[in-house]
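Notes for the one structure printed next.
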Amino acid sequence: MAERGKFIVFEGLDGCGKSTQLNLLCENIQAAGEKVVCHTTFEPTDGPIGRLIRSALRKEVSFSQETMAMLYAADRREHVEKEILPLLEQGINVLCDRYYFSNFAYQSDAVSLERLMMFNGYAMENLKPDITVFMDASPEACVSKIAESRESADLYETLEKLTQVKEAYLKVFELLSETHRVITIEPMETKHMTADKLWQLLADEFIGG
Ligand code: TMP
């Protein structure tokens, strides 16, 4: 049986550049050896629950904050069982853009952490990330990046919200530090410099160091 793949999660504020870094890490993993295979994925997913969430993010439909929190967790539940676990079992490394830490950071202003953890029980019990990479960009830098790239902001993309989200991320990383390995990386001058730095930190995981 193939050795189980690694599950690496990227977390950070909207506009922090995590999707770019996730793709560059995947390229580095693939280049590390012929047999090293890497799959990228994201949450909210492009499945039925994820699409419903995205229409709420675009403010086309509206749900109570608790319903939104449950939708994220339900989307994750399906994602883990149907897509991520089967790939890991085949020995494929999976890089995921956002996971349950996003739920804890973004929804904990409206729903208690205890309740959010209960909603995420399946994911927390069955698939803990091997490593979580936190892209530690400032809320100010993220808001100006979003303003440059889009005409209108999504539901959570205000300076006030992102400042609160960053604090919530730091709090929950601290709270779960005994059971979760989190690597914090600040964006550098260029995306390639950041990717090189991240690869220095993670290469051993993939080339058997
Ligand atoms: P994205 O910008 O990474 O595609 O994520 C879309 C938005 O969804 C982003 O503003 C963060 C939010 N989100 C939550 O609030 N809770 C969650 O559990 C997840 C996965 C995303």
Can you name the residue in region 1-46 that is under 17 Å from the mean Cα position of the chain (by Cα) and among the acidic types (Asp, Glu) and, of all such residues, is surrounded by the most Cβ atoms within 10 Å (Cβ to Cβ)?
-> GLU11
Within region 138-147, is even one residue under 19 Å from THR45 (Cα atoms) and either touching a helix residue (DSSP H, G or I) at 6+ places or on another chain (Cβ under 9 Å) or more than 11 Å from the ligand (Cβ to nearest atom) (or both)?
-> no
Identify, please: which residue in region 4-24 is charged (D, E, K, R) and over 17 Å from TRP199 (Cβ atoms) and is, among those, modelled with the highest pLDDT?
-> GLU11
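Conditions (1) surrounded by 14 or more Cβ atoms within 10 Å (Cβ to Cβ); (2) touching a Lys or Arg at 6+ places or on another chain (Cβ under 7 Å); (3) more than 21 Å from ARG58 (Cβ to Cβ), marked per residue:
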position: ASP136; (1), (2), (3): yes, no, yes
position: PRO139; (1), (2), (3): yes, yes, yes
position: GLU148; (1), (2), (3): no, no, no
position: ALA168; (1), (2), (3): yes, no, yes
position: ALA195; (1), (2), (3): yes, no, yes
position: GLN200; (1), (2), (3): no, no, yes
Conditions (1) surrounded by 14 or more Cβ atoms within 10 Å (Cβ to Cβ); (2) of a type in the set (Asp, Glu); (3) touching a helix residue (DSSP H, G or I) at 6+ places or on another chain (Cβ under 7 Å): number failed by ASP109 | (1)
Just one of (1) within 20 Å of SER112 (Cα to Cα); (2) part of a loop (DSSP other than H, G, I, E, B); (3) touching a residue at least 24 places away in the same chain (Cβ under 8 Å) trips up ASP154, so point out which.
-> (1)
Does any residue of region 28-39 turn out to be under 23 Å from THR132 (Cα atoms) and in a strand (DSSP E or B)?
-> yes
Got a sec? Which of LEU127, LEU116, LEU175 is more than 13 Å from the ligand (Cβ to nearest atom), buried (at least 20 other Cβ atoms within 10 Å of the Cβ), closer than 17 Å to TYR99 by Cα and touching a residue at least 40 places away in the same chain (Cβ under 8 Å)?
-> LEU127
Could you tell me which residue of region 85-104 is farthest from the ligand (Cβ to nearest atom), considering only residues that are over 22 Å from ASN23 (Cβ atoms) and buried (at least 18 other Cβ atoms within 10 Å of the Cβ)?
-> PHE104
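The values are calculated or read from the model by the stated rules, or taken from the named source; none is laboratory data. No experiment lies behind these values; they were computed from the predicted model shown. So basically every Cβ, Gly included, is an ideal-geometry build from the backbone, and we count neighbours across all protein chains shown.
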